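Working notes, beginning with the structure itself.
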Ligand SMILES: Cc1cc2nc3c(=O)[nH]c(=O)nc-3n(C[C@H](O)[C@H](O)[C@H](O)COP(=O)(O)O)c2cc1C
């Protein structure tokens, strides 16, 4: 797909089929993440791909366990793809996606968060090009804050000075793929 067309096509998907993505596709998506622009060219972010539906569900549940809804009053994301923000009965922040990539970045690096989200956007676009649906999900920090999360980080050998910043859920859209949302007007200008 032509790049701008792909960018318009990519949507955050909140309903997934059970079908797993291939290991090869996950490798390509992670590779795209590693080519994201990164502050100072330091290539500091670390990406862990979880291609295991049970483990993705477990982490997705940890992702909402510490979610502070009090800061979200009046928030509404989408009628066709209701999100965790719209529906407090949802148990997993990953919406049943069978795979997820976790993006880690250095705890004390000034550009740690933008670095991680640049990785995530590259991965979401790569996924769309491969026909794989995705959603960038926040709250990486809280997700691994408890003992269950800490045990996973030890198992994955994540360095002590790293923290999860975000996730990219991966899978195949269940139901109708949503159309692009119209853009709000007057959000840009060009000065000559
Ligand atoms: C920084 C950032 C954080 C986000 N966090 C979440 C999240 O925690 N959960 C979620 O379902 N979507 C999350 N999203 C996805 C947005 O909700 C989504 O991009 C937005 O509603 C626009 O919809 P679209 O991606 O389909 O165009 C996040 C997106 C960004 C850029």
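No lab work stands behind these numbers, since they all come straight from the coordinates. Because the structure is a prediction, the values reported are computed rather than measured. Here the Cβ is made from the backbone with ideal geometry for all residues, glycine too, and neighbour counts use every protein chain on show.
If R0 is 25 Å, the Cβ-Cβ spacing of residue 110 and residue 160 corresponds to a FRET efficiency of close to 0.85. Volume per residue of the convex hull around the Cα atoms, evaluated for the stretch 64-133, comes out as 137 Å³. Sorted on the mean count of surrounding Cβ atoms within 10 Å across their residues, most packed first, peptides 113-121, 87-95 read 113-121, 87-95. Pairs of alpha carbons in the stretch 33-188 separated by more than 20 Å make up 52% of all such pairs. Taken over the stretch 12-97, the ratio of Cα radius of gyration to 2.2 N^0.38 Å equals 1.31.
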